[in-house]
Amino acid sequence: MKRRICSYDLAAVPEDGYIVTDDGGETYLCNARCLCIWAVSLATKPGLSEELKVRRLVLKVPAGEELVFETITGLARWASSHALGMASRPA
């Protein structure tokens, strides 16, 4: 059985966790907070190569839906709004 360990807090990821997939494999994250911190940390990393900035990322959310992001910045923005509970608020 494959162990699913959170890439941010190194805890076991429950079945309703987040999974980010790219050409390099899968990244598991426990919850919206871990996803947000991981994505924002990566998106704002100094010296991040252009190749890593624009790689295609597929996010599987706990509800089973898959979202596609063309950049790490797009994923970081989405993750930030969801971790802060802003996604469901009117503008």
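The values are calculated or read from the model by the stated rules, or taken from the named source; none is laboratory data. Everything numeric here is computed off the predicted structure, so don't read it as measured data. Here Cβ is always computed from backbone atoms with ideal geometry, including for glycine, and neighbour counts include all displayed protein chains. Just the protein is used for accessible areas: all its heavy atoms, side chains included, with ligands, DNA and RNA removed. Shrake-Rupley method; radii C 1.70, N 1.55, O 1.52, S 1.80 Å.
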**Asked** Within the set of pairs 6 or more residues apart or between chains, which connect a residue that is in a helix (DSSP H, G or I) inside region 39-52 to a residue that is open to solvent by 70 Å² or more (accessible area, probe 1.4 Å) with Cβ atoms less than 8 Å apart?
**Response** Ala43/Lys53
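Output yes when any residue across region 28-43 is over 15 Å from His82 (Cα atoms) and among the β-branched types (Val, Ile, Thr), and no when none is. If you could, list the steps in order and put the result at the bottom.
First, pick out the residues of region 28-43 that are over 15 Å from His82 (Cα atoms): 28, 41-43.
Remaining after also requiring among the β-branched types (Val, Ile, Thr): none.
Looking through region 28-43, none of the residues is over 15 Å from His82 (Cα atoms) and among the β-branched types (Val, Ile, Thr).
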**Item:** Close pairs from region 76-88: first closer than 20 Å to Lys53 by Cβ and modelled with pLDDT of 85 or more, partner among the charged types (D, E, K, R) and surrounded by 15 or more Cβ atoms within 10 Å (Cβ to Cβ), Cβ under 9 Å, at least 6 apart
**Value:** none
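Confirm whether Glu66 is among the acidic types (Asp, Glu), surrounded by fewer than 17 Cβ atoms within 10 Å (Cβ to Cβ) and under 24 Å from Val13 (Cα atoms). Don't jump to the end; show me each part of the working.
Values: among the acidic types (Asp, Glu): yes; surrounded by fewer than 17 Cβ atoms within 10 Å (Cβ to Cβ): yes; under 24 Å from Val13 (Cα atoms): yes.
Taking the combined requirement at face value, the residue satisfies it.
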**Item:** Neighbours by Cβ (under 9 Å, 6+ apart or cross-chain): first from region 5-17, of a type in the set (Asp, Glu); second open to solvent by 60 Å² or more (accessible area, probe 1.4 Å) and not in a loop (DSSP other than H, G, I, E, B)
**Value:** Asp9/Arg33
